[in-house]
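Asks: Please read through the structure below; I'll follow up with questions.
Laboratory data are not the source of any read-out in this text; all were calculated from the coordinates shown. Values in this document were obtained by computation on a predicted structure and should not be read as measured data.
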Amino acid sequence: MEADAQIKNFRSERNAEIRKIGFRNALIGATLIAGAGIVLYFSFKYLSAQNAGYYRSKKGVGGIIGLSLMGAFYGLWKFVNGIVDLVRPQSEDESITDLTE
């Protein structure tokens, strides 16, 4: 009986730690998605102004858009993993130290 109570306590501590990691990952993912969205908005605004004849050079805009899209997809991956950890922490089989890397 005492061992079962101790195991239950350990599991609840582990789940709380995984939820904390999941919240951090979801927050990082949402920030990356928002940042990439802002950069993409201004990049496309720049391109539309350029097509109207206001600017001459398109140099570097493609790279900025590519990096922003990569950041957005990485942010989406972090966000989804964070939400899964928040909702269902017992589904993680890895150790806590492996999750934080």
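Asks: Relative to the longest principal axis of the chain, what angle (0 to 90°, nearest 10) does the C-alpha long axis of helix 61-87 take?
Replies: Helix 61-87 and the main axis of the chain meet at about 20 degrees.
Asks: For percent of Cα pairs over 23 Å apart, several values are listed as [x] 48; [y] 18; [z] 25; flag the one computed from this structure.
Replies: Checked against the structure: label [x].
Asks: Let me ask another. Would you calculate, for the chain, the mean residue ellipticity at 222 nm contributed by helices, counting each DSSP H stretch of 4 or more residues as -39,500 (n - 2.57) and dividing by all residues, to the nearest 500?
Replies: Roughly -28500 deg cm²/dmol at 222 nm, from the helical runs in the chain.
Asks: Next up: Alpha carbon centre of the stretch 78-97 versus the stretch 13-44: separation in Å?
Replies: 14
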